[in-house]
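Each remark here refers to the structure printed beneath this line.
Read the figures in this text as sums done on the coordinates, not as results from a lab. Everything quoted here is computed from the prediction, not taken from an experiment. Note that we place each Cβ from the backbone using ideal geometry, even for glycine, and neighbour counts take in every protein chain shown.
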Amino acid sequence: MRKKLFAAALVLSVAAPVAAVVAMPGDDAPLVTKSGPLGAPEAGTGQVVFYRPGSLMGAALGCTVREGDTQIARLGSGKFYAVSVAPGVHTYNTRGEAKDEIRLEVEADETYFVRCNIGMGVMAGRANLSPSDREAFAKKAKGLKMWEPKDDPEEKEPKAE
């Protein structure tokens, strides 16, 4: 009898972690943020999700993302922004002490993730754009809030630098 109980306990201890792995979010599970679930791209377009995880490093600095001279988002610590774009090549940049760029080849009905980090600069922090993935975004999603554009005309117009 003890052997059967031991065998049953052994099976359960091995099966429990497997069940936890199976229950983890997959590619089809919705990504839920502080602002709610992240939607799918609009039909026939791609979606690019820019995000900046919360951290003490550069907390007072923003990460302004642009495509060319057009501002896409101004991400503070713990913020994200999703934008629908036409399929094709898109180059996004951030400026400050140094300029950083990322080039994406966007396909229709696909979602791409770009992480913004604030790194050390000579005089101030500098924003860096780097490719990311669904899994990395999912790990940070519950701590991220959607960036809301302001109605300030200066927010929409690129500033001369």
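Values for this structure:
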item	result
DSSP beta bridge pairing in the range 35-149, given as percent antiparallel to the nearest 5	80 percent
Residues of the range 70-113 with amide N under 16 Å of the 7 Å Cα→Cβ point at E148	74-76, 79-82
Residue order, fewest to most surrounding Cβ atoms within 10 angstrom, among R52, R126, R74	R74, R126, R52
Ranked list, fewest to most other Cβ atoms within 10 Å of each Cβ, for T64, T33	T64, T33
Computed FRET value (nearest 0.05) for A40 with T70, which takes r as the C-beta separation and R₀ as 22 Å	0.40
Quotient of C-alpha Rg and 2.2 N^0.38 Å, computed over the range 73-144	1.17
Sorted by Cβ neighbour density within 10 Å, fewest at the top, the residues K150, K145	K150, K145
Additional length obtainable on full extension of the chain from S130 to E97, 0.36 nm per residue less Cα span	10.2 nm
